[in-house]
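Visitor: The structure under discussion is supplied below as structure tokens; questions concerning it will follow.
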Amino acid sequence: MAGKHKRGVALALIGGTGWGFSGACSQFLFARGVDPLWASAVAMLCAGAALTAYLLATRNEGLRALWSDRRSAARLVLFALAGLTLCRATYLLAIQYSNAGTATVLQYVGPVLIVVATCFSGCRLPSARETIAVTCVVAGTYLLATHGNPSAMALSPEGVFWGLAAAAAVALYSLLPGSLMKTYGSIPVVGSGLLLGGAVLYLVTGAWGRTPELDGAGLLAMYGGLTGIGTLLGFAAYLTAINDIGAAKASLLASVETVSATACAALWLHTAFAPMDFAGFALIMATVFLLARPSSKAVAP
């Protein structure tokens, strides 16, 4: 059990760090004219194909069982399209209209949206801690967007929109899989989801006709950083961590993504951040710690 816990902690940290680095790689690519939807489609398709090929080569029973059950297959399709695909595409669009650090932090509005959805579905009022978390998110987003001056937008409306859309997609991505991963394993679910979502996005956007010309650095950022580290390794590591240590602890540890993305954007891409940006970052990230702490009123089942 201790070994499984240590593995889960390590994988959550690896997944979060990989996502943050891939966010900076995306910002690097978009500055060179790469289309976010093309990048999303290709990264998901390549990563999904690699994971699925591995599963087929090792004759993984979870993959066959997953697609043999109609209800599970239908849930997987919903997860792939409304979860994984939206999560990746909206995040990359948020980076295009802002920067890797800001887009990554805005994603962490997602846990608060999950709380709101839970309150609505359970017909209950939010707890004091949940109310504080929602307040922190609203205040943090306000500071990021305006730097405290409502008459002047510091972040473009498109950046705010796609950042909050990415947060909603994170909420869907977290809620939609249900028991799929516990039943069939994380790798069959994420591999199939990435392959299906990437294929649909590739066809819908006509990505084959918009392939950009990339130099060596661009190819390395696209296929090494965004596809390999950010999509294949990031999702596989994080979803395995959820199975090992649970979603609450895994999501808390994966918040290292914000540090990774901001550090890479500042040190590698020389993105400038103002004091108000860091104040907004702190308020939004505070919600992760607030919501991850167990409630003192929790009763063991």
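Bear in mind that the values in this text are calculations on the coordinates, not laboratory data. Note that the structure is predicted; figures quoted are calculated from it, not measured. Heads up, the Cβs are rebuilt from the backbone with ideal geometry, glycines too, and the neighbour counts pull from every protein chain shown.
Visitor: Neighbouring Cβ atoms within 10 Å as the yardstick, rank Ser260, Ser26, Ser179 fewest first.
Guide: By the 10 Å Cβ count, ascending: Ser179, Ser260, Ser26.
Visitor: Still on this structure, please answer the following. Compute the longest continuous run of the chain that contains no exposed trypsin sites (Lys or Arg not before Pro); treat a site as exposed when its DSSP state is not H, G, I, E or B and it has at most 11 other Cβ atoms within 10 Å.
Guide: Excluding the exposed sites themselves, the longest stretch runs over 125-296.
Visitor: Sticking with this structure for a sec: Calculate, in nm to one decimal, what Trp268 and Ala74 gain on full extension: separation in residues at 0.36 nm each, minus their alpha carbon distance.
Guide: My answer for the length gained is 65.7 nm.
Visitor: Still on this structure: Using the 10 angstrom Cβ neighbour count as an exposure proxy, how do Asp244, Asp69, Asp215 rank, fewest first?
Guide: The most exposed by this proxy come first: Asp215, Asp69, Asp244.
Visitor: Next up: Tell me, what is the FRET efficiency for Val116 and Ser151 to the nearest 0.05, using R0 = 35 angstrom and their Cβ-Cβ distance as r?
Guide: Once the sixth-power term is evaluated, E becomes 0.75.
Visitor: What size of dipole, in debye to the nearest 20, comes out for the chain about its Cα centre when the only charges are +1 on Lys and Arg C-beta atoms and -1 on Asp and Glu C-beta atoms?
Guide: Here the size comes out at about 1000 debye.
Visitor: Excluding same-chain residues fewer than 8 positions from Lys6, which aspartates and glutamates have a Cα within less than 14 Å of its Cα?
Guide: Leaving aside aspartates and glutamates fewer than 8 places away in the same chain, those within reach of Lys6 are Asp244.
Visitor: Provide Tyr97, Tyr91 in ascending order of the number of other Cβ atoms located within 10 Å of each residue's Cβ, fewest first.
Guide: Listed from fewest to most nearby Cβ atoms, that is Tyr97, Tyr91.
Visitor: Normalising by the residue count of region 2-292, find the relative contact order in percent from Cα pairs under 8 Å and 6+ residues apart.
Guide: Worked out over region 2-292, it gives 45 percent.
Visitor: Just add up the charged neighbours of Val77: K/R +1, D/E -1, any other residue whose Cβ is under 14 Å from the Cβ of Val77.
Guide: Taking every Cβ under 14 Å from that of Val77, the sum is +2.
Visitor: Checking understanding here: applying a Kyte-Doolittle mean of at least 1.0 and a length along the axis of at least 15 Å (C-alpha), which whole DSSP H helices in the chain pass?
Guide: 36-57, 110-121, 128-146, 157-175, 186-205, 256-267, 275-292
Visitor: Given the -39500 (n - 2.57) contribution per DSSP H run of 4+ residues, what per-residue ellipticity at 222 nm results for the chain, rounded to the nearest 500 deg cm²/dmol?
Guide: Calculated from helices alone, the mean residue ellipticity at 222 nm is -23000 deg cm²/dmol.
Visitor: Taking a ≥ b ≥ c as the square roots of the Cα gyration tensor eigenvalues, with a/c under 1.5 meaning rounded and otherwise prolate when a/b beats b/c, else oblate, which class fits region 195-266?
Guide: Judged from the Cα gyration tensor, region 195-266 comes out oblate (a/c at least 1.5, b/c at or above a/b).
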